[in-house]
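Before any comments, here is the structure.
Nothing in this text is a laboratory measurement; each read-out follows from the coordinates by a stated rule. Nothing here was measured: the structure is a model prediction, and the numbers come from that model. Please note: Cβ atoms are built from the backbone with ideal geometry, for glycine as well, and neighbour counts cover all protein chains shown.
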Amino acid sequence: MAITLILALWLVPLPEDKLNAPQAYRYYDQNKQLLAVLISQDEFFRMHVPLNQVSELFTKTLLLQEDQHYYQHPGINPLAIARAAFDNIINGRIVSGASTITMQLARMLERRERTLIAKAIEAFRAMQLEWRFSKSEILAYYLALAPYGGNIEGLQAAAFAYYAKPASQLSPGEIALLVALPKSPNRYRPDRYPHEAKQQRNQILQNMLKGQLISEDQYQRALAEPVPAQRQRFPNLIPHTAWYLRQQYPNAYVTITTLDENLQRRTQTLLAQHVERLQDQDIHNAAAVIIDNQSREVRAIVGSADYFDQQALGANDGARSVRSPGSTLKPFVYGLAMQAGLISEKTILYDIPINYGGYAPQNYSNQFLGPVTAREALTESLNVVAVNLSKDLGIQQLYELLQKGGVSSLNKPASYYGLPLALGGVEVSLLELTNLYASLANYGDYLPYRLTSNTPKESPINLLSAEASWLTTHILTDVERPDFPQSWQFSRNRPTVAWKTGTSYGHQDAWSLGYNPQYTIGVWVGNFDAKPAKGLAGSKVAGPLLFDLFQGVTQAGTLPWFNKPEHVKQRMVCATCGTLPTVDCQALTREYYIDNLAQAASSVMCDIPQAISYDSRTLTQANSSTPSKFVTQKVFDIWPASMATFLLRHGVPVRKAPAYDTSNMAGQKYYPPKILSPVTGTEYFRRLDRLEESDHGIKLDVAVTNRVRQVSWVMNGKLLSQMDPIDPIIINPPPGQYQLTVIDDVGGKDEVLLVVKDFREVQGENR
């Protein structure tokens, strides 16, 4: 008989897969606080919990009520079976059960009508379970699979569903109800049948008192507790991230994230309040990310103001969606330029119109400022300067930095993005961009962000030198920006932050990124349907939220600022050009610079202020034949051609210096002319079939320095005009190719190839 039973237990396999039914997905913060629960793949809420995390009172109450001899029987209780069989025979139907905890678990694995045959199968399965598992394991499986009404299975899920707390924190009254529920989960559901549920709970409480599991005082207080009137929502503090992690790791039912519950709640609250204030401006959403700089662990991540707001498309994840980052990539252009020795803090750069083969970037203000320091150019986010620096560096430099810095959307060759890359010409996610800024907070070292505790740690990749990163941070710490709301400029408690804003083309996305030694925070504000808004600008709607978040997570003045690297030094430079002064420099300014660069702005001498001797009678340059009593020497600012013309045409006083004397130019700086129009490589089209020839004029425009008085235009070797360079001329050549040359009065020249096509011919080619 025993051998037959053993063979049966062996040959009829136990459905062990059902013991490990799909669980609900649980996501915890770094301190093991539950942040979110997502339903299982078969749409149940099951949350396995280790037996040592279940209160001893619950286990004792369960065994007292359901199976007092649990640790003695082999899965079935013969005495209980005999008693139940006698009762059922007398009544002619099943009125009494003899199910042990193990038999109840067997029934959970294979649901059947309650018949004598079903009981026999359950008894057999119970012995299989006892043969296969320990008593503790069986009890743990029971607590994981017990039905609690609807799609709630298992004690832990029930504790959250009815009491919004883990099973380890249940009170005696709550324990009594959750012990009663599995017996008839639909009939005793407190949210549907509160009277029946209360009766069952009170009966078990009485048994607990009789069994000396609780005191009289605990009993009375438990009786006074109301039963829950409705099911509670499972925690869902990180809906976007929870669904993202479920998709990425479908077999990971329990995930410990790097998030901090307190920071997550604070961020969500501040973000929702901020968006509420923007509703009248037709701005309906925002996202935010907080990264711990030292570990690169994400401490808070909010994908939208309200995940469940369908009208605002709140289920979209603003932290991971890719969008144009506007000007937020510019700090890395400046960092690369400082690292390469092209600029330092006070180097004068030229914010004037440019045109690279038809690409003519404009500033956000639609104005140009002329000569500006590198510091001013970055803090005021000037587009032309950033594009010029990127061209001088080579577009591959910024491209490779972004690739190494984790920008996964950069999936085409550098030539595809070209110069516009410096102005945000690639879509980036807020999460990746925030982590890229965290590299600046770590002296140029990049590490991938970490969102879960089991994410492997990697070795850092250096994107920028420590010196270039510190100098960039030093500039970005200047938050007194002309475009920032005045109410924020004078906030005494505002934390010290290095920060940058950005606005995408068409006012569709507003960004603000900032960091201090502890955290890097990124903010995006906009609409998920890409609807533009007039007031949607980084400085106006994203910057204030950034500082709200910093103020919410750090206290002003409590953190030491970034240490200055050894090779960042201070020096005096000429205020006119931002490089080393000559004897002709009349104003000096102090700047930070990197002193250990092989080639550098650190060794360039200023050549704009120039002392020129001239004849006071004729105001022409003096030469060897000029009597000494008529020789006067003054310092003139001799600007490069493009800058001199820009200043003159924008009403900036530019003192005309004496014209060049080609016989006496020793030691003088000469700047050749620069053709501004037409632009080389650009094709011009004429519509002779519809318009008069005069309507198709092509402007000839040239920039010269303030020592040039006259220029000559030559086309295909034929002189067109000799004229004052300040006035452009118009030409109307027929279709063809033309070599245009401009020659100044010193003999310097510039050339472009002009291509003119008949619009009708081009149309025919395209048919």
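Taking label positions 7 Å along the Cα-Cβ direction at both T582 and K210, the computed distance is 10.8 nm, reported to one decimal.
Taking θ as phi - 60° and the Karplus parameters 6.51, -1.76 and 1.60, the scalar couplings of the stretch 620-631 work out to 9, 4, 6, 9, 5, 8, 6, x, 4, 5, 9, 8 Hz in sequence order, x denoting glycine and proline.
May I ask for the net charge around P728, where only other residues with Cβ less than 11 Å from the Cβ of P728 are counted and Lys, Arg are +1 while Asp, Glu are -1? Show your work: numbers first, answer last.
On the way: positive: R649, K699; negative: D701, D724, D727.
Local net charge: -1.
Excluding same-chain residues fewer than 8 positions from K699, which lysines have a Cα within less than 17 Å of its Cα? Qualifying lysines at Cα under 17 Å: K674, K757.
Using the Cβ of F528 as centre and a radius below 14 Å, the other residues enclosed give a net charge of -3, where K and R count +1 and D and E count -1. Ordering of 413-424, 657-668, 255-266 by packing is 255-266, 413-424, 657-668, highest average first (other Cβ atoms within 10 Å, averaged per residue). Computed from phi, the 3J(HN,Hα) profile of the stretch 363-372 under the Karplus parametrisation 6.51, -1.76, 1.60 (θ = phi - 60°) reads 7, 4, 7, 6, 10, 10, 9, x, x, 9 Hz, with x in place of Gly and Pro.
Could you please report the charge total around A300, scoring K, R as +1 and D, E as -1 over all other residues with beta-carbon less than 12 angstrom from its beta-carbon?
Values: positive: R265, R266, R299; negative: D29, D260, E261, D292, E297.
Around A300, the surrounding residues sum to -2.
The aspartates and glutamates whose alpha-carbon is closer than 13 Å to the alpha-carbon of K412, local same-chain residues fewer than 8 away aside, are E400, E427. Packing around the peptides 743-755, 571-583, 286-298, taken as the average count of other Cβ atoms within 10 Å per residue, puts them in this order, highest first: 286-298, 571-583, 743-755.
Please compare each pair in K391/K500; K346/K569; K634/K669; K540/K564; K404/K569 to a cut-off of 24 Å on the Cα-Cα distance and tell me which ones are over it. Write down the numbers at each step before the final one.
On the way: K391/K500 22 Å; K346/K569 13 Å; K634/K669 15 Å; K540/K564 31 Å; K404/K569 29 Å.
Cα-Cα > 24 Å for K540/K564; K404/K569; rest within.
Can you order the peptides 28-40, 617-629 by their average number of other Cβ atoms within 10 Å per residue, highest first?
Details: 28-40: 17.6, 617-629: 12.0.
Order by mean packing, descending: 28-40, 617-629.
Helix-only arithmetic for the chain: the sum of -39500 (n - 2.57) across DSSP H runs with n ≥ 4, divided by the residue total, places the mean residue ellipticity at 222 nm at -9500 deg cm²/dmol. To the nearest 0.05, what FRET efficiency results for Q310 and R132 with a Förster distance of 45 Å applied to their C-beta separation? Here the calculated transfer efficiency is 0.40.
Which shape class, rounded, prolate or oblate, goes with the stretch 258-568 when its Cα gyration tensor gives a ≥ b ≥ c as root eigenvalues, a/c under 1.5 marks rounded, and past that a/b bigger than b/c marks prolate? Rounded is the answer for the stretch 258-568, as its axis ratio a/c remains below 1.5.
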